[in-house]
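Enquirer: Take a look at this one; I'll ask things after.
Please treat every number below as a calculation from the coordinates, not as lab data. Since the model is a prediction, treat every value here as computed from it, not as a measurement. We place every Cβ from the backbone using ideal geometry, glycine too, and count neighbours over all the protein chains shown.
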Amino acid sequence: MPRVQPAPDLAERLAPLEVTALDGSAVPLGTLWDQRPLLLVHLRHFG
Amino acid sequence: MFCREHVAQLRDHKAEIDRRDVAVAAVGTGDLMYARDFAEDKRVNFPLYVDDAKASYKAVGTRKGSARSFAKPRVIASAARVTAKGHIQGKLGPAHMVLGATHVIRPDGSVAFAWVNGDFDDNADFAEALRSLD
């Protein structure tokens, strides 16, 4: 089953990682869920 | 093509996601131009980000697909279903064998939903993901 038990520290490990917005700015992932829950989708590719 | 269907589903769920006061973000690999073209082509109505170093993919534990998966009857049937809905395979990205994942993360850092794709056609159901917050 692809539904998995996440590591207890998953959010802590993801939070400082930076992704790049389409305008080129760097965004720490943790800022995306600091106000409200986040549905975070990792895509296989943009194809 | 599975990514295209998945993004279209996410786009179509956007109103429900907003109603629940949930933020949404999708992350992909490749360069910015590739991502911008994809966002425009798929009329993406939510924030899209690039993680070309794949650090966040590693953190969530995404898996790698196998070329042999394309010969699996289930994957072939899924590809036919998705293609019939108009989601034609686009340009392959540089990391197209890296599979996806879906998570719901609360502001306190707890993870309400975690899904790591097991194969190319194995995307999470967004309605199920959102129900994890009920």
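Enquirer: What does DSSP give for the protein assembly as shown in terms of the percent of beta bridges that are antiparallel, rounded to the nearest 5?
Expert: In the protein assembly as shown, approximately 70 percent of DSSP beta bridges are antiparallel ones.
Enquirer: Could you tell me which of the pairs B:LYS14/B:LYS85; B:LYS64/B:LYS85; B:LYS54/B:LYS85 are separated by over 23 angstrom between their Cα atoms in the structure shown?
Expert: Exceeds cut-off: B:LYS64/B:LYS85; B:LYS54/B:LYS85.
Enquirer: Moving to a separate point now. Give me the percent relative contact order of region B:2-127, please, defined on Cα pairs under 8 angstrom at least 6 residues apart.
Expert: Across region B:2-127, relative contact order equals 27 percent.
Enquirer: Could you tell me what percent of the DSSP beta bridges with both partners in region B:2-127 are antiparallel, to the nearest 5?
Expert: Roughly 65 percent of the DSSP beta bridges within region B:2-127 come out antiparallel.
Enquirer: Please give the FRET efficiency for B:GLU128 paired with B:LYS54, using the beta carbon to beta carbon distance and R0 = 25 Å, rounded to the nearest 0.05.
Expert: The calculated FRET efficiency here is 0.45.
Enquirer: Something else now. Over region B:2-127, consider all pairs of different Cα atoms and compute the Kirkwood hydrodynamic radius from their mean reciprocal separation; express it in Å, one decimal.
Expert: Evaluated on region B:2-127, it is 15.5 Å.
Enquirer: A further question on this structure: Which ordering of B:LYS64, B:LYS58 is given by a fewest-first count of other beta-carbon atoms within 10 Å?
Expert: Ascending number of Cβ neighbours within 10 Å: B:LYS64, B:LYS58.
Enquirer: Another one. Rounded to the nearest 20 Debye, what is the dipole magnitude of region B:2-127 about its Cα centre when Lys and Arg each give +1 and Asp and Glu each give -1 at the C-beta?
Expert: The calculated dipole for region B:2-127 is roughly 360 debye.
Enquirer: Could you work out how far apart the two model spin labels at A:GLU12 and B:ASP31 are, taking each label as a point 7 Å from the Cα in the direction of the beta carbon, and quote it in nm?
Expert: With each label point 7 Å from Cα toward Cβ, the separation is 3.8 nm.
Enquirer: Could you check the simple spin-label distance between B:GLU16 and B:LYS64, using points 7 Å along Cα→Cβ, in nm with one decimal?
Expert: The answer from the label model is 3.5 nm.
Enquirer: Once Lys and Arg get +1 and Asp and Glu get -1 on their Cβ, which of A:LEU38, A:PRO2, A:LEU17 lies farthest toward the positive end of the dipole of chain A?
Expert: A:PRO2
Enquirer: Output the Kirkwood hydrodynamic radius of the protein assembly as shown, Cα pairs only, in Å rounded to one decimal.
Expert: Mean inverse Cα-Cα distance, inverted, gives 16.2 Å.
Enquirer: Straight-line reach from B:LYS42: which aspartates and glutamates fall under 14 Å, measuring Cα to Cα and dropping same-chain residues less than 8 apart?
Expert: Output for B:LYS42: B:GLU5, B:ASP12.
Enquirer: So if I average 1/r over every pair of distinct C-alpha atoms in chain A and take the inverse, what Kirkwood radius in Å does that give?
Expert: Radius from the Kirkwood sum: 12.5 Å.
Enquirer: Kindly write out, for region A:11-21 in residue order, the coupling ³J(HN,Hα) from the Karplus curve 6.51 cos²θ - 1.76 cosθ + 1.60 (θ = phi - 60°), rounded to whole Hz, with x marking Gly and Pro.
Expert: 4, 5, 6, 6, 3, x, 6, 9, 10, 10, 6
Enquirer: Express the relative contact order of chain A as a whole percentage, based on alpha carbon pairs under 8 Å and six or more residues apart in sequence.
Expert: This gives 24 percent for chain A.
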